[in-house]
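So the structure is just underneath, and the comments pick up after that.
The values are calculated or read from the model by the stated rules, or taken from the named source; none is laboratory data. Just so you know, these numbers come straight off a predicted model, no measurement behind them. Because the Cβ atoms are built from the backbone with ideal geometry, glycine has one as well, and the counts that use them run over all protein chains shown. When the accessible area is computed, the model is the full protein with side chains, heavy atoms only, and any ligands, DNA or RNA have been set aside. Shrake-Rupley method; radii C 1.70, N 1.55, O 1.52, S 1.80 Å.
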Amino acid sequence: MKVIIAEKPDQGATLASIFQTKKHQGYIEIFPNELFPKGAYMTWAVGHLLQLAPPERYRPEWKQWKLETLPIIPDRFQYEVEKAKAKQFHIVKELLRKPEVTEIIHAGDAGREGELIVRNIIHMSGVKKPMKRLWISSLTPKAIEEGFRTLLEEKETRPLYEEAYARACADWLVGMNASRVYSILLKQKGMNDVFSAGRVQTPTLALIVKREKEIERFQPEPFWEVMATFDIGGKRYEGKWVKDDESRVNDPELAKKIAAFCEQKQAEVSEVKTERKVFQPPLLFNLSSLQATANKLYQFSPKKTLDILQKLYQKGIVSYPRSDSNYVTKGEAETFPEILQKLSQFPAYQPFFPLPTKTILHNKRYVNEKKVTDHYAIIPTEQVVDPEKLSADERNIYDLVVKRLLAAHHEDAIFDYTTVTTLVDGRATFISKGKQQIQEGWRKIIVQRDEDDAAILPPLAEGEHGHVVNVHVKEGKTQPPKRYTEGQLITLMKTAGKFLENEELEKVLAKTEGLGTEATRAGIITMLKERKYIEVKKNQVYATDKAKVLIEAIGDKILASPEMTAKWEQRLSEIGEGKASASAFMEQVKKLSAKIVADALEMSKAWDFTGLDTASIQRTTSKATLGKPVGTCKYCGGTVIDKGQFYGCTNYGKTKCTFTISKMILGKKISQTNVKKLLQHGKTDLIKGFKKGEKTFDAYLVWDDNEKKMIFSFPKK
């Protein structure tokens, strides 16, 4: 008999759904069948059942935040069972220890974190039995059955576990030491707050603060441009005066003189250049590109996009969401005609059929085995659905994924870009730019917002003559750099450091993902928000004074450098490939942790925070309530605690669980008593005085288990 361990309860239920089963507390019994002649037990983790032990578990003196105890470097890392999840851990352990159980099937998510979560449970249980690995990228019945028929040997994915374990321990070391040393030293400067720092979040924050400073230092400068309207044989168009490829004039009087010179003068088309540009259909989505696109089109935060995508994955209608690949293998490409045929039946997609290309099986732009790592690109599965049957947010994300696949089966988009040079009175040069669509191609499916300023020009030929109809001076100002959107931040994190002038680093970055991984970037941005380092207003990311203080304190040291993370990711990926030693890597991380502490102590002697509002950087919650447990997390079963301005899950740092409840909702403070009732019973007491616009109303807060969110429930009249 076998024990199958999934990563989450709903995943376990989906994996078991293709068999005849019976539900029990904490596990599902699978009756004997072709795949499991003796039957099986399907059980699960609830995200991370185990967590790295806190510092005081190693040494009692490490509990207090003191400079003399730094750096904190355990000889050997220890895991412990989370109290809120102890019951499920014991259920799994007892199943593993049953004498009739002869084999374990590891069915965690097919990636690094899945490896770590399930293997940690097995190690902690003390059970040593043969293990196989289920490795699938979608949760359709067909994929599940095929996955169970073609289980991997345990040793094939063991290096990924070693990579994930090294990553977790190394992040713990850097985060623990960096956060403590900067919090202690900045408290000495009068800032009584916790300054969280880490390997990925701090370089990311440094990029945001750098942009904020560029905007603050920017001094706008006025400029003037001369614009003319021409009539060439009855054909009218506009041009911009240029000299030496520069159209801006710094002197308004000179601009006026140029305009005066050109008035009513003769004009001649001196040159017409046309360049044809071919735009291939975009690549299939990986997680980062999908998050960036959804943010641009719908202003969805990266976290929201990932959450929606996870729901679609659990429904079995899209492939694995945390993919870093834009490509598929031939096996997936062979399923596309069937998927597309089903999609063609829905009104939303009928206008795009028949598709010009029946198959992309031999198109290396999309089908490339060498560029598929753990997972292939995010695609719709053969279990297609009518988008109209999904919620609005789910429909938006599903539609993006579907249309990328449709676009891949369309022709190129082709445009002619024309540059016309017009000479006024044989002396003044004007440039006009225009474009003409030659072939719509894939843009029929994915409507692109044109970001160039090319207009539609009339047909013009060199040597044609006419005159200036109108000429005027247009005043403008230089613009500061724009703040990043959350979508741009995801893209920036993916490519951070790739433009550093360092040949060795270039080679490293060619193989790595920049800051963080596909799975963690959304969580890092969420963490920066929760820790009051950034604010997002109208989809623009602002750095707070707290962020500026931390980055000013760190300066140009290694903790804020994308270079460190790039080299780190490269070494970790080598561990995952079985090409590097995890123990050798950890020795380097221990040295790095000591250096971070030494750098902070040295830098603190010259800290100067002039111009920053350091007085406002204080904890918003008293020590009496900060960290106090209030209930069990509705997402993962972890512990929800008081985190200051909101209640949040303690598993955020480990599993990126994003469950939170704000302390202020529509102008009403939500008491701790009501939060406890919501978490325990699913409903608060009646809360009076919510404000929406000019209106006030009374309502209960209720937890909706189906939608996994909090909703209002109104009292019966």
Exercise. So what are the radius of gyration and Dmax for the Cα set of the stretch 1-150, in Å?
Worked result: 17.9, 62
Problem set entry | Residue-span extension gain [residue 361 to residue 53] - 0.36 nm each, minus C-alpha spacing | 106.0 nm
For this session: Please work out how much length the chain gains when fully extended from residue 577 to residue 414, using 0.36 nm per residue of separation minus the C-alpha to C-alpha distance, in nm with one decimal.
Result: 54.5 nm
Exercise. Residue separation times 0.36 nm, minus the C-alpha to C-alpha distance between residue 65 and residue 273: what's the value?
Worked result: 68.0 nm
Exercise. Based on the alpha-carbon gyration tensor of the stretch 284-408 and its eigenvalue square roots a ≥ b ≥ c, which shape applies: rounded if a/c is under 1.5, prolate if not and a/b is larger than b/c, or oblate?
Worked result: oblate
Exercise. In Å, what is the Rg of the alpha-carbon atoms in the stretch 345-451, and how long is Dmax?
Worked result: 20.2, 68
Seminar exercise, completed: Between residue 696 and residue 389, Cβ-based FRET efficiency (R0 41 Å, step 0.05) works out to 0.70
Seminar exercise, completed: Yeah, the stretch 47-123 with a ≥ b ≥ c from its alpha-carbon gyration tensor (a/c under 1.5 is rounded, else prolate when a/b outruns b/c, oblate otherwise) is prolate
Exercise. Where in the stretch 513-554 does the label zone of residue 482 land, with the point 7 angstrom along Cα→C-beta and an amide N cut-off under 15 Å?
Worked result: 537-542
Exercise. Per residue, how much accessible area does the stretch 565-717 show when a 1.4 Å probe rolls over the protein heavy atoms, in square angstrom?
Worked result: 56 Å²
Exercise. To the nearest 0.05, what FRET efficiency results for residue 335 and residue 34 with a Förster distance of 22 Å applied to their C-beta separation?
Worked result: 0.40
For this session: Take the alpha carbon gyration tensor of the stretch 332-405, find the square roots of its eigenvalues, order them as a ≥ b ≥ c, and report rounded if a/c is under 1.5; if not, report prolate when a/b exceeds b/c, else oblate.
Result: oblate
For this session: Report the dimensions of the chain along its three principal axes from the alpha-carbon atoms, largest first, rounded to Å.
Result: 97, 69, 66
For this session: Kindly list the residues of the stretch 60-92 that lie in the label zone of residue 602, defined by a backbone N under 20 Å from the point 7 Å along the Cα-to-C-beta vector.
Result: 67-72
Problem set entry | Residue pairs, from the table 213/590; 656/683; 213/537; 389/683; 83/676; 85/643, whose Cα atoms sit over 22 Å apart | 213/590; 656/683; 389/683
Problem set entry | Efficiency of FRET between residue 240 and residue 86 - r from beta-carbon atoms, R0 56 angstrom, step 0.05 | 0.20
For this session: Over the stretch 1-147, average the accessible area per residue using a 1.4 Å probe and give it in Å², no decimals.
Result: 46 Å²
Problem set entry | Surface share of carbon and sulfur [accessible, 1.4 angstrom probe, percent] for the chain | 49 percent
Exercise. So how far apart, in nm, are the two label points at residue 73 and residue 705 if each is 7 Å from Cα heading toward Cβ?
Worked result: 5.0 nm
Problem set entry | Relative contact order computed over the chain (Cα-Cα under 8 Å; 6+ residues apart), in percent | 14 percent
Problem set entry | Above-threshold pairs, the threshold being 28 Å between Cα atoms, out of 189/557; 371/709; 342/444; 311/691; 277/342 | 371/709; 311/691; 277/342
For this session: Return the inverse of the average 1/r over all pairs of distinct C-alpha atoms in the stretch 73-187, which is the Kirkwood hydrodynamic radius, in Å to one decimal.
Result: 16.4 Å
For this session: Over the stretch 375-496, give the accessible area per residue in Å² for a 1.4 Å probe, as an integer.
Result: 48 Å²
